Structure formats: C-alpha cells, structure tokens
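What follows is calculated from the coordinates using simple rules that are stated; it is not laboratory data. Predicted, not measured: the structure shown is a model, and the values here were computed from it. Glycine also receives a Cβ, built like all others from the backbone with ideal geometry; neighbour counts cover every protein chain displayed.
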Amino acid sequence: MYVGRMNFKGSLNALILQNLSQGPNHGYSIAQDIKQTSKGVLDFKEGTLYPALHGLEGKGLITSTVRAEKGRERRYYKLTEKGRKALALERREWLAVSSAINLILKEAT
C-alpha cells in the first residue's frame, strides 16, 4: 500500500494568516491550533513556523508585540489589514487549485 507524504509547506503562510484572523496568538499556540484543527495531519515544527512568521511580519501582513505571560515573555502576532487582504487572496487561490486537483483525481478513479 502506498503511503505518500504531501508537502504543505507552501500553504503555511495561509494557515498562519487564517489562525490570526481569529485574534492575536503566539507561535507555539499557532502551531498547536493548526495541528489540532487538522487532526494531527499538519504538524509544523519551530524551524518552519518561526521563519514563516518573520517573513509575514517583514511583508507587513502581521505585526508582533512581546507580552509577559506566566513569568515568561511571549511574542504575540496580529493580522494587519494587508494580511486580511492577503488571506482572502490565498483562500481564493487555494479553492481554485484544490478544485482542479479534485477534478483530476476524480478522473483517475
């Protein structure tokens, strides 16, 4: 039986933006939310997540602030208006691509 692994690394930015559309969040919690919502299928590690967060911040799609929480500093990220527009575009593109892939895979059965 074939058990392949799909690379969803390119979709990480959209997943982060979607998570932050619900409100500010810190990196570890973003990763856990994505993992939990995907029922463990999508599990992004720190080495992938934090560079993506820094890249989104560099593009002005998110901002960050440091907060003290339980005696520890955490960096919380928040979606900007530019980020909301980028998320809307990412959703449209994902729906178009996933619909096309579904059409092809249905043809294969």
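Structure above, values below:
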quantity	calculated
Longest to shortest principal axis, alpha-carbon extents of the stretch 9-107, angstrom	56, 29, 22
Protection proxy ranking, peptides 63-70, 12-19, average beta carbon neighbours within 10 Å, highest first	12-19, 63-70
Dipole in debye (nearest 20) - the chain, about Cα centre, beta carbon charges: Lys, Arg +1; Asp, Glu -1	180 debye
Entries in Lys45/Lys78; Lys45/Lys85; Lys82/Lys106; Lys35/Lys78; Lys85/Lys106 that, when Cα-Cα distance is taken, lie over 28 Å	Lys82/Lys106; Lys85/Lys106
Which of His26, Thr65, Ala96, positive extreme of dipole for the stretch 9-107 (C-beta unit charges)	Thr65
Between 0 and 90°, nearest 10: helix 27-37 axis offset from the chain longest Cα axis	30 degrees
Degrees between helix 81-107 axis and first principal axis of the chain (Cα, 0 to 90, nearest 10)	20 degrees
